[in-house]
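The values are calculated or read from the model by the stated rules, or taken from the named source; none is laboratory data. All of these numbers come straight from a predicted model, not from anything done at the bench. When we count neighbours, we look across all protein chains shown, and the Cβ atoms used for this are built from the backbone with ideal geometry, even at glycine. Ligands, DNA and RNA are excluded from the accessible area calculation, which covers all protein heavy atoms including side chains. Shrake-Rupley method; radii C 1.70, N 1.55, O 1.52, S 1.80 Å.
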Amino acid sequence: VDRGLVSLMRVMFAFLFFAAAMAAIPYQASADNMREVRGLAGMHKLGIEKGRLCMSDHYHYGQTGVWPTKKEAKARAIKSWAGFTRLEYGNRWAQFRLAAAKKISCDLQTTSRGDGWTCAVEARPCSR
């Protein structure tokens, strides 16, 4: 067996192994991104906004009944938004603090039990 040929084959094998390993890196990054948007989130148009991956054209909504304080009503509306978003897309998408295009509206209501607050929120889900 020619030693020069064996050495050349080793170098070629090492090069091919290195090339295959380098080619797998973008595939792994792509696979990680696909896991991020698997399930229902992947059917929406997504974009990067301020370092977050956000649904570009899909809003979620949350609302409350009547609560004694505006603070409570607001917190319950956000919880409602997060609960439905979590159900559809999972925990990573259900963080209202990360959501885009947030709108919160609250109204003072008069009921037979006195005055109370109702709130409604809307926002586009985002994840990090």
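At a glance:
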quantity	calculated
Tally of residues being closer than 19 Å to G51 by Cβ and either exposed (fewer than 15 other Cβ atoms within 10 Å of the Cβ) or among the basic types (K, R) (or both) across the range 86-100	3
Condition broken by K79, with the remaining ones in (1) modelled with pLDDT under 95; (2) in a helix (DSSP H, G or I); (3) within 17 Å of the chain's Cα centre (by Cα) satisfied	(1)
Cβ pairs under 6 Å, 6+ apart, first in the range 77-98 and within 13 Å of R124 (Cα to Cα), second outside any helix (DSSP H, G or I) and open to solvent by 20 Å² or more (accessible area, probe 1.4 Å)	L98/R52
Matching residues in the range 75-85 - criterion: being out of contact with any Ser or Thr (no Cβ under 8 Å at 6 or more places or on another chain) and surrounded by 16 or more Cβ atoms within 10 Å (Cβ to Cβ)	I78, W81, A82, T85
Top-ranked residue of the range 110-121 - restricted to ones that are open to solvent by 50 Å² or more (accessible area, probe 1.4 Å) and assigned to a strand (DSSP E or B), ranked as nearest to S56 (Cα to Cα)	W117
